[in-house]
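So the structure is just underneath, and the comments pick up after that.
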Amino acid sequence: MSRSAHPAGPRHADVLTEGHYSAPPADLNALDPKVWARTVSRDEDGVLTVGGRTVTGLAEEFGTPAYILDEADFRARARAWRTAFGTDADVFYAGKAFLSRAVVRWLDEEGLNLDVCSGGELATALSAGMDPARIAFHGNNKSTDEIRRAVEAGVGRIVLDSFQEIVRVAHIAQELGKRQKAQIRITVGVEAHTHEFIATAHEDQKFGIPLAGGQAAEAVRRALTLDGLELIGIHSHIGSQIFDMSGFEVAAHRVVGLLKDIRDEHGVELPEIDLGGGLGIAYTSSDDPREPHEIAKALTEIVTRECEAARLRVPRISVEPGRAIVGPTAFTLYEVGTVKPLESLRTYVSVDGGMSDNIRTALYDAEYSVALVSRTSDAEPMLTRVVGKHCESGDIVVKDAFLPADLAPGDLIAVPATGAYCRSMASNYNHVLRPPVVAVGDGEARVIVRRETEEDLLRLDVG
Ligand SMILES: *Cc1c(COP(=O)(O)O)cnc(C)c1O
């Protein structure tokens, strides 16, 4: 079932020879609802509004750059996942995509569970009052201190990632007089990327215990003998920004195969499976993500079919969307600083942020869209590259974009779909201050993560 032999690596082809950006869009002022948060539109002056607030007003009040997050959209997406999977399944929001205490409360209110993968994420979740029983603790190298805190707090599950960790967690739980619920993360040899997946990928990665060679079966064997552990299931996460469900199909087939082997060997039917996250979102108009109800239906059918074939009780399914919930709900608002036309090449548009607030373009060669949002324009489209203010030529926010030719310093532009893995991967490179996250809704705006200050920087620098 392998679709592609080559992994999705960086593409360096120039825009002029490349697919969907080779021609400018028909209307530069249009806002494709696929890539923008749900309450986004333009007011009668052409200014972009979100949650009942104009971006010009938001820029004045909170400054730029800023991540602007549509709270109603976040809640709607979280709820859609919850509803789609119903009461026989669990939805764990992957906190690494973007985590703050406000987000934890929204998730709590919408009935979602939470994945954390560090002591810091755990502390954030607990300080916002998340029920520890609804927290899953992930990671390939949890420290003994992190494990102890997680077990003490009473997290609902720890996802075990190595033979050493199986023993470590069991030991710590026993020391604390507890029996920790746990899943074992396995690698099923499926690797999924955006539009293709590889069913025969070898398991050369740091996460999980390979199914191949009987290693996962051996991990289960060991976990089942340890008093400090209650093994509740098997975990598999196959990739990110996935649109094609067939990777999950192969993964589910292999996970269920392991459940069957466990039943045959130990007489135990593990009650749960976790199929991970990785569902794709639209960064540009050419991406076509699936709706949560389609994903839920597909995954449930796949697991049910596989279990029937293996004569197993259908386990409780959990999924872990991060990007698919928070990604589309936010955009980054920037002010244009300089506009530099390079004759017969393109125009470089510099903004007041860059790779410190969005590393995904530099790191993954990610594609984004961009729009002029403080006004509309009837000017001709011009081919641009939106770049940041950092001392690094790879400091690109949007590699290839058309913006109106009358773009000028002081204009506001916005990059949609930056809710996931932008603030959470933000850095202080060049001692640039990390932008705030401003939640908007019903005409109100409030800072949920404040802008960093030079005082913050100097506080860490103890001289
Ligand atoms: C990163 C990750 C996720 C979330 O991935 P998204 O692409 O944001 O949906 C879920 N589960 C695990 C184990 C992960 O590592």
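Values in this text are rule-based calculations from the coordinates and carry no lab data. Given the structure is predicted, the values throughout are model-derived calculations rather than measurements. Here the Cβ is made from the backbone with ideal geometry for all residues, glycine too, and neighbour counts use every protein chain on show.
For segment 377-463, rounded, prolate or oblate, judged on the Cα gyration tensor with a ≥ b ≥ c (square roots of eigenvalues), a/c < 1.5 rounded, else prolate if a/b > b/c?
Working: a/c = 2.34, a/b = 1.43, b/c = 1.63.
Verdict is oblate for segment 377-463.
Can you list the HN-Hα couplings for segment 343-350, worked out from phi with the Karplus curve (6.51, -1.76, 1.60; θ = phi - 60°), rounded to whole Hz and with x for Gly and Pro?
3, 6, 10, 6, 10, 8, 10, 9
Hey, could you pull the Cα Rg and Dmax for segment 138-321, both in Å?
Over segment 138-321's Cα set, Rg and Dmax evaluate to 16.6, 54 Å.
Using amide H atoms built in the peptide plane, which far-off residues or other-chain residues are under 5 Å from A94 H to H?
Sorted by chain and number, the residues that satisfy this are D115, G322.
Enter the mean projected area of the convex hull around the alpha-carbon atoms of segment 239-289, in nm², rounded to one decimal.
So the mean shadow area of the Cα hull is 3.9 nm².
In Å and on Cα atoms, what radius of gyration and Dmax does the chain show?
In order Rg, Dmax, the Cα atoms of the chain give 23.2, 72 Å.
Number of Lys-Lys pairs in segment 138-321 under 23 Å by Cα, sequence gap 8 or more or different chains?
Here the count comes out as 6.
Suppose only helical runs count, i.e. DSSP H with n ≥ 4. What mean residue ellipticity at 222 nm does that imply for the chain under -39500 (n - 2.57) per run, divided by all residues and rounded to the nearest 500 deg cm²/dmol?
-8500 deg cm²/dmol
Give me a comma-separated list of calculated 3J(HN,Hα) values for segment 199-208, in order, Karplus coefficients 6.51, -1.76, 1.60 applied at θ = phi - 60°, integers in Hz, x for any Gly or Pro.
Listing the rounded values in order: 7, 10, 4, 8, 8, 8, 8, 7, 8, x Hz.
From the phi angles alone, apply the Karplus equation (6.51, -1.76, 1.60; θ = phi - 60°) to segment 388-400 and give each ³J(HN,Hα) in whole Hz, x where the residue is Gly or Pro.
Ordered by residue, 3J(HN,Hα) equals x, 10, 8, 7, 6, 6, x, 6, 10, 9, 10, 5, 9 Hz.
Would you mind checking which residues have amide H under 5 Å from F402's amide H? H placed 1.01 Å from N; only 5 or more apart, or other chain.
T384
I want the antiparallel fraction of DSSP beta bridges within the chain, as a percent rounded to 5.
50
Residues with amide H under 5 Å of D274's amide H, sequence separation 5 or more or different chain, H placed in the peptide plane at 1.01 Å from N; which?
Under 5 Å from the amide H of D274: I234, H235, S236, S318.
Based on Cβ point charges of +1 for Lys and Arg and -1 for Asp and Glu, what charge dipole magnitude is obtained for the chain about its Cα centre, in debye rounded to the nearest 20?
Values: 49 positive and 69 negative charges, 259 e Å.
The dipole magnitude comes to about 1240 debye.
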